[in-house]
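The block underneath contains the structure these notes are about, expressed in structure tokens.
The values are calculated or read from the model by the stated rules, or taken from the named source; none is laboratory data. It should be emphasised that the depicted structure is a prediction, and the values quoted were computed from it without experimental measurement. All Cβ positions, even for glycine, are placed from backbone atoms using ideal geometry, and neighbour counts span all protein chains on display.
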Amino acid sequence: MSVHKDAILKRPSGDQVYVVKNSTAEARTVRLGVAIGSRFEVLSGLKDGESVVIRGNERLQPGAKVGIGKGSS
């Protein structure tokens with residue numbers, strides 16, 4: 001599985017993405033593999049089918065309400 005580079009937040013504790021669960025942002029630490037174009041392989045931390053935030057994620061806080069727009073998988 002892979003995520004767009006814009007979904008990844010560099011944190012002192014490691015790479016994170018925001019997963020959307022029940023219209024709520026949930027911070028998740030991920031372990032990344034190789035970069036493939038504008039995407040990064042995800043080795044752990046995400047499950048197939050989970051939606052991640054790629055726009056505005058740098059301003060999000062855990063527990064914030066989010067909407068889901070059309071995007072790519």
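The condition of being at pLDDT below 95 and exposed (fewer than 10 other Cβ atoms within 10 Å of the Cβ) holds for residue 72. Contact map, region 45-66: residues that are touching a residue at least 24 places away in the same chain (Cβ under 8 Å) and surrounded by 10 or more Cβ atoms within 10 Å (Cβ to Cβ) paired with residues that are in a helix (DSSP H, G or I) and of a type in the set (Gly, Ala, Ser), Cβ distance under 8 Å, separation 6+ or inter-chain. Pairs shown: 52/7; 53/7; 54/7; 57/7. Confirm whether residue 23 is buried (at least 16 other Cβ atoms within 10 Å of the Cβ), touching a residue at least 12 places away in the same chain (Cβ under 8 Å) and of a type in the set (Ser, Thr, Tyr). Criteria not met by residue 23. Restricting attention to region 7-44, the residues being within 20 Å of residue 68 (Cβ to Cβ), at pLDDT 95 or above and not in a strand (DSSP E or B) number 3. What residue, among those in region 31-43 that are without any contact (Cβ under 8 Å) to a residue 24 or more places away in the chain and either within 11 Å of the chain's Cα centre (by Cα) or surrounded by 11 or more Cβ atoms within 10 Å (Cβ to Cβ) (or both), is nearest to residue 17 (Cα to Cα)? Within region 31-43, the match that is nearest to residue 17 (Cα to Cα) is 31.
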